[in-house]
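Read through the structure below, which is laid out as structure tokens, and then see the notes.
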Amino acid sequence: MLGLGNTVHGFSVGLSAAGGIPGQSPKAIFEQVFWVFMAIGTLVGIVVIVYAFYNAVKYRDEDGADPYRDSSKVVRPTAGELPGSSGGGRKLFLSFGISAIIVLSLIVWTYGLLVDYETAPSEIDEDLTVDVYGQRFSWKFQYPNGENVTNELRVPRGKMIQLEVTSTDVFHNFGIPKLGVKSDAIPGQVTNAWFAGNETGTYAAHCYELCGAGHATMDAEVIVMEPDAYREWYDNTSAAGGAQTVSD
Ligand SMILES: [Cu+2]
């Protein structure tokens, strides 16, 4: 179990490292789970459908040639009886066995990944922890240097960003669909979320908890910037004492 967990951990770190991002992006984890389930589901579906067609053709009714028409010639199993000595028992055992192995492996593997998901990456820069406040009907982002921005979150590309999400009034839910972020915003409670933007650009964030008449307009922009441009912006925010930095 431990060994498997480590393997899984190594695999997902390897995947996200390929994208140039330290730690694991939740989006990458869920995409991995989705594609593995999709592949196995498709494979099992093909096997079942092909086998069903094979049997439908093999045991098809050719006029007059069907021995099962004559019920006196058919030996039917009774309730509670395993299929007879013609290999049916082995078939039953095999299909149950293979199904159990597939399902149990998927459960263990998925839970291994979700444990990783629940653990915040340790490499997050303290500078990149942003407090997110939901309030009817806008989002306030507060940076470690005290800078406050409403409805606009700037982050550097290729870095893991930690969000500490809460609300100042009612339940909200902060989500950035394209970046795989979705987090409850609950008054009196802080919910952690983390993500990384691989490509620069502007992404839409919305509120995903019906919170009143302005819910539909409770949107924000997430701007993924080149790290240098971000650093320049951050160092010149009013809360960082941008004017002083210039006079230094
Ligand atoms: Cu809301």
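Nothing in this text is a laboratory measurement; each read-out follows from the coordinates by a stated rule. All values reported here derive from a predicted model rather than from experimental measurement. Cβ sites come from the backbone with ideal geometry, for glycine too, and all protein chains shown count toward neighbours.
Along region 147-154 the Karplus relation, 6.51 cos²θ - 1.76 cosθ + 1.60 evaluated at θ = phi - 60°, assigns HN-Hα couplings of 4, 10, 9, 9, 6, 8, 10, 9 Hz to successive residues, with x for each Gly and Pro.
Couplings 3J(HN,Hα) for region 158-164, derived from phi with the Karplus relation 6.51 cos²θ - 1.76 cosθ + 1.60 (θ = phi - 60°), are x, 10, 6, 10, 9, 10, 10 Hz, where x marks Gly and Pro.
The H on the amide N of Asn198, modeled in the peptide plane, is under 5 Å from the matching H of Gly158, each at least 5 residues off or on a different chain.
Rounded to the nearest whole Hz, the Karplus-based 3J(HN,Hα) values (6.51 cos²θ - 1.76 cosθ + 1.60, θ = phi - 60°) of region 51-57 follow the sequence 5, 5, 5, 4, 6, 4, 6, with x at glycine and proline. Stokes-Einstein, applied to the Kirkwood radius of region 118-160 over Cα pairs at a viscosity of 1.567 mPa s and 4 °C, places its translational diffusion at 112 µm² s⁻¹. Near Gly97: Cβ cut-off under 15 Å, other residues only, Lys/Arg at +1 and Asp/Glu at -1. The net charge is +2.
Specify the inter-centroid distance of region 88-154 and region 175-241, based on alpha-carbon positions, in whole Å. Between the Cα centre of region 88-154 and that of region 175-241, the gap is 17 Å. Take 163-174, 93-104, 218-229, 29-40 and order them by the average number of nearby Cβ atoms within 10 Å per residue, most first; the result is 163-174, 218-229, 29-40, 93-104.
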